[in-house]
Amino acid sequence: MKILIMNGINLCMVGTREPGKYGSRTLADILADVSEWAKTKEDLEVDFFTTNFEGEFVEKLYAARGVYDGIVMNCGAWSHYSIGVRDAVAGCGLPAVDVHMTNIYAREEFRHKQVIAAVCVGQVSGFGEDVYRLGTEALIAYLNRKGDTK
């Protein structure tokens, strides 16, 4: 099974941006842990992609078709307003899990609106860096139930 873990706008600043909310570990550290965890799983391969550019994010979603079984993604602020990313998630044809390190529903009101989540098979939020592993585990379970793996 091959999973793509994608990170969008401002996620490159994890570890330095608001450490009280996002922790002090960098995104690179967190994803390295996810990579090591994935190596302990039989038949699981994970790749990572991070960008601050919405167009690059969209292009990667379309390029993932036929390469990956599913996507775990933290779109950052795009989750709240980007119809373009939403349409690309829907259009790429791959099951996706939307993840957020913080509990977006316990934060500012504008973060409660999620345009991406509606086109995903599920959402995990509020568990800090564990959302990447939890989202991947949930996606694997979903794919196994559906029989949609390559």
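The values are calculated or read from the model by the stated rules, or taken from the named source; none is laboratory data. The structure presented is a predicted model; accordingly, all values stated were derived computationally and were not measured. Using ideal geometry, Cβ is built from the backbone for each residue, glycine included, and neighbour counts are taken over all protein chains shown. With ligands, DNA and RNA removed, areas are computed over all heavy atoms of the protein, side chains included. Shrake-Rupley method; radii C 1.70, N 1.55, O 1.52, S 1.80 Å.
Tabulated data for the structure shown
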| read-out | value |
| --- | --- |
| Shape box of segment 84-134 [Cα atoms, principal axes, largest first, Å] | 29, 26, 13 |
| The chain, relative contact order in percent, only Cα pairs under 8 angstrom and at least six apart counted | 26 percent |
| Listed pairs Lys21/Lys146; Lys21/Lys113; Lys41/Lys113 exceeding 26 Å between Cα atoms | Lys21/Lys146; Lys41/Lys113 |
| Rg/Rh ratio calculated on Cα atoms of segment 47-150 (Kirkwood radius) | 0.94 |
| Accessible area of Glu129 in the full protein assembly, 1.4 Å probe (Å², nearest 10) | 70 Å² |
| Point-charge dipole on Cβ atoms (K/R +1, D/E -1) for the chain, about Cα centre, debye to 20 | 240 debye |
| Rounded percent of accessible protein surface that carbon and sulfur make up, the chain, 1.4 Å probe | 50 percent |
| Proximal lysines to Lys39, defined as alpha-carbon separation beneath 20 angstrom and excluding residues fewer than eight positions away on the same chain | Lys2, Lys150 |
